1. May I ask for the distance between the Cα centers of the range 89-156 and the range 23-79, given as a whole number of Å?
2. Take the cross-link list K65/K124; K92/K139; K33/K65; K18/K65; K25/K46; K33/K92 and give me the ones stretching past 20 Å between alpha-carbons.
3. If you roll a 1.4 Å probe over the heavy atoms of the protein chains, what accessible area per residue do you get for the chain, in Å²?
4. What distance in nm lies between label points placed 7 Å from Cα along the C-beta direction at T122 and F150?
5. Loop by DSSP (not H, G, I, E, B), at most 15 other beta-carbon atoms within 10 Å: where is the longest site-free stretch of the chain for trypsin sites (Lys or Arg not before Pro)?
6. Could you give me the ³J(HN,Hα) list for the range 79-88, computed from phi with Karplus coefficients 6.51, -1.76, 1.60 and θ = phi - 60°, whole Hz, x at Gly and Pro?
7. If you build a Gaussian network model of the chain, linking Cα atoms that sit under 10 Å apart, which residue out of G80, G11, G118 swings the most?
8. At a 1.4 Å probe radius, carbon and sulfur cover how many percent of the accessible area of the chain?
Amino acid sequence: WSLLHTPSPSGFEQEIQKVVDKRAKKFADETYKDVHGNLFAVVNPKGSIKIMLAGHCDQIGFMVKHVHNDGYLHIDAIGGIDPTVVPGTRVKVLSENGQFDGIIGYKPAHLVSVADRGTKLTLKELCVDLGMTGEEAKKLITIGDPVVFFPTVTELANSRISAPGCDNRVGSSTITEAAPIFSDKLGGKNHDVAC
């Protein structure tokens, strides 16, 4: 569950990489990051046959682009976001001053003009409401702070789950489960295969 409860949008993946690194250290001979921030876990680095299992652990989200005087946050997308489906969604702002819960808001239906009803929403029309005054928000939130969908796991029927980070975290989980099995099946640490 830690993979799904650790918010880390694209470009802000340090926290989720700590979780993946901890899982990988159970089977890998070494783990390291490259200059681009990619995390590697290597089994039998001296093997003559090299096999790579690749995945990613980031997630889509938002970034604060303006803190309004009334305390609302204007946001931009990190990744492919459809603005029409996010009003009313719980989010979490990841600031150096802490993590703050909020709701993505839009103009109330009774204030939307007849001409605007049914038109496609844009991110410009949405904002994050933290329940803060403008003074509080400007003190705690910085332009560029990431905003993620609230990190929760919903258990569905038939042993299925839904979570904001499922798309990418399933790949990381699969790799950390498969790499040690794969390595063992192909000869393990004392043979010619490197994973």
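1. Centre-to-centre (Cα) distance: 24 Å.
2. Going by Cα-Cα distance, K33/K65; K18/K65; K33/K92 fall outside the 20 Å limit.
3. Per residue, the chain has an accessible area of 60 Å².
4. Computed distance between label sites T122 and F150 equals 2.9 nm.
5. Here the longest run is 47-116.
6. Taking θ as phi minus 60°, the curve returns x, x, 10, 9, x, 6, 9, 9, x, x Hz for the range 79-88.
7. G118
8. Whole-percent figure for carbon plus sulfur exposure: 54.
The values are calculated or read from the model by the stated rules, or taken from the named source; none is laboratory data. Note that the coordinates shown come from a computational prediction; the quantities given were computed from them, not determined experimentally. Here Cβ is always computed from backbone atoms with ideal geometry, including for glycine, and neighbour counts include all displayed protein chains. For accessibility, only protein heavy atoms count, side chains too; no ligands or nucleic acids. Shrake-Rupley method; radii C 1.70, N 1.55, O 1.52, S 1.80 Å.
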